[in-house]
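Let me begin by presenting the structure, written as structure tokens, before commenting on it.
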Amino acid sequence: MSSGIEAEGLEAILVTFRQDLDRVLEPVTQAIGEIGRDRLSQYPAPRRAPQAFRSAQQRRGFFAKLRSGQIQVPYQRGGRGSQSLGRKWQIVQQPGPNRVLRNTARYAGLVQGERNAAYHRGHWPDVQQVANEIDSDGTAERLTVNALQNAYGAE
């Protein structure tokens, strides 16, 4: 059974609307990425808590490196081997209006990422935590609504 309604050109209208919507949302996703990058790039105060060894082999390796001068106690931020974690956040454009926030420091995942080491958990903000905050504090919604209202004049 047919509804009797014909929509010629609907596909073209939807493609045009999608392209227009992408254009409106690109600055929103860029702004959200910049807010996330700003929140993630802030270093917390140094943590002076001892870090437990997970195995006898790790303990022996630590003391061998300490004796050879490869590492120092207490750890000095920004020393040899540091890749400046806070400055390595990049906003990468994806198809459409999408953006991905990525850190190019090789150890970023162990400090603020999905493989976050237990020592850093709760001390350094992690990517998922910051994304949830941007969503739950209304930042993403406010930016999106403002962009849509500016583009389409809706109240």
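The values are calculated or read from the model by the stated rules, or taken from the named source; none is laboratory data. Since the structure is predicted, the reported quantities are computational estimates derived from the model, not experimental observations. Reconstructed Cβ throughout: ideal geometry from the backbone, glycine too, with neighbour counts over all protein chains shown.
If only one of Q90, Q42 is surrounded by 11 or more Cβ atoms within 10 Å (Cβ to Cβ) and either modelled with pLDDT of 95 or more or not in a helix (DSSP H, G or I) (or both), which one is it?
Criteria check complete, one pass: Q90.
For segment 109-138, how many residues meet the condition of being closer than 20 Å to G33 by Cβ, among the polar types (S, T, N, Q) and either buried (at least 18 other Cβ atoms within 10 Å of the Cβ) or at pLDDT below 85 (or both)?
1
Among (1) surrounded by 10 or more Cβ atoms within 10 Å (Cβ to Cβ); (2) small (G, A, S); (3) in contact (Cβ under 8 Å) with a residue 40 or more places away in the chain, there is one condition A49 misses while meeting the rest; what is its number?
(1)
Could you list, in sequence order, the residues of segment 127-149 that are out of contact with any Pro (no Cβ under 9 Å at 6 or more places or on another chain) and touching a residue at least 60 places away in the same chain (Cβ under 8 Å)?
Answer for segment 127-149, where residues must be out of contact with any Pro (no Cβ under 9 Å at 6 or more places or on another chain) and touching a residue at least 60 places away in the same chain (Cβ under 8 Å): V127, V130, A131, I134, T139, A140, T144, L148.
From the set of residues in segment 122-152 that are of a type in the set (G, A, S) and not in a helix (DSSP H, G or I), which is nearest to S41 (Cα to Cα)?
G122
Please verify whether Q83 is surrounded by 12 or more Cβ atoms within 10 Å (Cβ to Cβ) and in a loop (DSSP other than H, G, I, E, B), treating the condition exactly as stated.
It is true that Q83 is surrounded by 12 or more Cβ atoms within 10 Å (Cβ to Cβ) and in a loop (DSSP other than H, G, I, E, B).
Look through segment 96-108, keep the residues that are in contact with a helix residue (DSSP H, G or I) (Cβ under 9 Å, 6 or more places away or on another chain) and not in a strand (DSSP E or B), and return whichever of them is farthest from P27 (Cα to Cα).
Y107
So Q76 fits all but one of (1) surrounded by 13 or more Cβ atoms within 10 Å (Cβ to Cβ); (2) among the polar types (S, T, N, Q); (3) in a loop (DSSP other than H, G, I, E, B); what number is the exception?
Among (1) surrounded by 13 or more Cβ atoms within 10 Å (Cβ to Cβ); (2) among the polar types (S, T, N, Q); (3) in a loop (DSSP other than H, G, I, E, B), Q76 violates only (1).
Are any residues in segment 63-86 at pLDDT below 90 and basic (K, R), and if so, which ones?
R77, R80
Residue by residue through segment 52-73, note down the ones that are exposed (fewer than 11 other Cβ atoms within 10 Å of the Cβ) and in contact with a helix residue (DSSP H, G or I) (Cβ under 7 Å, 6 or more places away or on another chain).
Once the filter is applied, which keeps residues that are exposed (fewer than 11 other Cβ atoms within 10 Å of the Cβ) and in contact with a helix residue (DSSP H, G or I) (Cβ under 7 Å, 6 or more places away or on another chain), segment 52-73 yields only V73.
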